[in-house]
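Peer 1: I am attaching a structure below and will ask some questions about it afterwards.
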Amino acid sequence: MSICDFTFKSEYLRDVLENAKNKHNNEPEFIQAVNEVLKSIEPVVLKHESEFKKSALLERLIEPERIITFRVPWVDKEGQVQVNIGYRIQFNATLGPYKGGLRFHPTVNQSIMKFLAFEQIFKNALTGLPIGGGKGGSDFNPKGKTDLEIMAFCQSFMSELQKHIGHDIDVPAGDIGVGAREIGYLFGQYRRIKNAYEAGVLTGKGLEYGGSLVRKEATGYGLMYFMRNMLEANNISIEGKTVIISGSGNVAIYAAEKAAMMGARVIAMSDSNGCIYDENTINLSAVKEIKEVNRGRIKEYLNYNPNAIYYENTSDIPSVYNIKADIVLPCATQNDINLSCAELLVKNGVKAIGEGANMPCTNEAVDYLVKNNILLAPGKAANAGGVATSALEMSQNSMRYFWSFEEVDKKLENIMSHIFKLCDTAVKTYDLGINYVAGANIAAFDKVSEGMIAQGII
Ligand code: NDP
Ligand code: 2IT
């Protein structure tokens, strides 16, 4: 996998990146995420180079405060003991308790955990809410497992994780492969071991036991709120635009729902096997039933509409990206859009891309898209609605109270507008055109670095 070498004017930045690459040459995703941030913040670093260098600010920024890995043994339905690796990366708690999701997917490794935790620091800073950055998960594969197997795994995972988390310490939530079912089992085990009802220790909880309204919808809805802000700032209306979405999980489904509410037309969605194309409009109730209720494959959409078309993935460009649309929403996984995919999207006339996923575009793809004047809503900003609403869930848990759907949704909409303003102000201040990727990184870095400087050398 290419990690794209941006070139630097700042010697300090060049050294920091070179050292990181040497130290972590087996962590390509982490280096990719660091490279993107360091390149973006170069105009700020050039102004304060000696001060930052003296206090090793950037070396401290890219070194996690703590990495926890642990063994997760559990018994499968045949009575066979299985062993997975558990992770929690507590990257940076300058702005608040570590906060970030848990990912259960067979591809999970330390590089992926570190890139996600690193990005989370900046994303969480952009929300303006008091949360630091962390991430965790396991190489456990939930696909095809029974509920009892999922519960056995979650209980074992939490038996170790509980030693390291707490509502003022570190607050996990969901991510790929971790939804309401898993959060329920994790919370149950935490409560049982601690013998205390600390609702704010996890977010994304069920509504019956401390969850927040809108948390389920928040990442996808927030993505579309950000997208609308970005389009409006560039005099484009969302009404009537065609949309394709990579993924059909939590983020994808609620991005599709809000896109339809805004008058856009979602014509394709996918999973890791392939995509469905429905030229009129995707029937979202069918997708919800397939994915949220039956935990099935997107291909099953053909049972709901035999006139739709299913395209299996056949190359490193997921099939969904072959379909022409005005707006593209990668809502699946990292590095979904490589350079050739970005070239294809530009050739097909894409107007805007909104990163629902974390780091769905390679650095080469980002570079190419920005140079070709495509409006690109960066994940750190555009998908921050999920974690922002998690922070609102924590607030409600602290108050022992809850807000209505409308109240939370309005707060989410305001937070996303505010995040867009931060990105827009940064691009204007540094004369970055429509490079909202750099804008988001600069705006977030300003907050995190100020906090780190104020708190001294730790
Ligand atoms: P889900 O598990 O609900 O859905 C994941 C979707 O992505 C599925 O359609 C899945 O297909 C597809 N997918 C996952 N991994 C791969 C892969 N390696 N290759 C191809 N397709 C894949 O996860 P979420 O919707 O919660 O997360 C989607 C993305 O959004 C992730 O990048 C996550 O980090 C990010 N995100 C999530 C937030 C949240 O609140 N949940 C908040 C902010 C960002 P299949 O079923 O075939 O595996
Ligand atoms: O990537 C993310 O921001 C998430 N998976 C959500 C994290 C959270 O704590 O809600």
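The values are calculated or read from the model by the stated rules, or taken from the named source; none is laboratory data. Only a predicted model underlies this, so the values are computations on that prediction, with no experimental measurement involved. Neighbour counts are summed over all protein chains in view; Cβ atoms, including those assigned to glycine, are modelled from backbone coordinates with ideal geometry. Side chains included, ligands, DNA and RNA excluded: accessible areas come from the protein's heavy atoms. Shrake-Rupley method; radii C 1.70, N 1.55, O 1.52, S 1.80 Å.
Peer 1: Where does region 36-138 land on the Kirkwood hydrodynamic radius, alpha-carbon pairs, in angstrom?
Peer 2: Evaluated over region 36-138, this radius sits at 15.3 Å.
Peer 1: Could you work out what % of the accessible surface of region 85-140 is carbon and sulfur, using a 1.4 angstrom probe and leaving DNA, RNA and ligands out of the count?
Peer 2: The nonpolar share, carbon plus sulfur, comes to 58 percent.
Peer 1: Would you please put 292-303, 351-362, 389-400 in order of how densely packed they are, using the mean number of other Cβ atoms within 10 angstrom per residue and starting with the highest?
Peer 2: Highest-to-lowest ranking by the protection proxy: 351-362, 389-400, 292-303.
Peer 1: List the aspartates and glutamates whose Cα lies under 17 Å from the Cα of K39, skipping any in the same chain that are fewer than 8 positions away.
Peer 2: Cα-Cα hits under 17 Å: D5, E11, D15, E18, E29, E49, E59, E119, E364, D367, D431, D446.
Peer 1: Leaving ligands, DNA and RNA out of it, report the carbon-plus-sulfur percent of the accessible area of region 266-366 at a 1.4 Å probe.
Peer 2: In region 266-366, the share of accessible area belonging to carbon and sulfur is 46 percent.
Peer 1: What is the magnitude of the charge dipole of the chain about its Cα centre, with +1 placed on the Cβ of each Lys and Arg, -1 on the Cβ of each Asp and Glu, and no other charges, expressed in debye to the nearest 20?
Peer 2: 620
Peer 1: Per residue, how much accessible area does the chain show when a 1.4 Å probe rolls over the protein heavy atoms, in square angstrom?
Peer 2: Value for the chain: 40 Å² per residue.
Peer 1: Students often forget the sequence filter, so: which lysines lie under 22 Å Cα-Cα from K347 once same-chain residues fewer than 8 apart are removed?
Peer 2: K347 reaches K241, K324, K371.
Peer 1: HN-Hα J couplings of region 83-100 from phi, Karplus 6.51/-1.76/1.60, θ = phi - 60°, integer Hz, Gly and Pro as x?
Peer 2: 10, 10, 9, x, 9, 9, 9, 9, 7, 7, 10, 4, 9, x, x, 3, 9, x
Peer 1: Moving on. State the Cα centre-to-centre distance between region 379-414 and region 186-220 in whole Å.
Peer 2: One Cα centre to the other: 14 Å.
Peer 1: Also, quick follow-up: Sticking to Cα atoms, compute the Rg of the chain to one decimal and its Dmax as the biggest Cα-Cα distance, whole number, in Å.
Peer 2: In order Rg, Dmax, the Cα atoms of the chain give 20.9, 64 Å.
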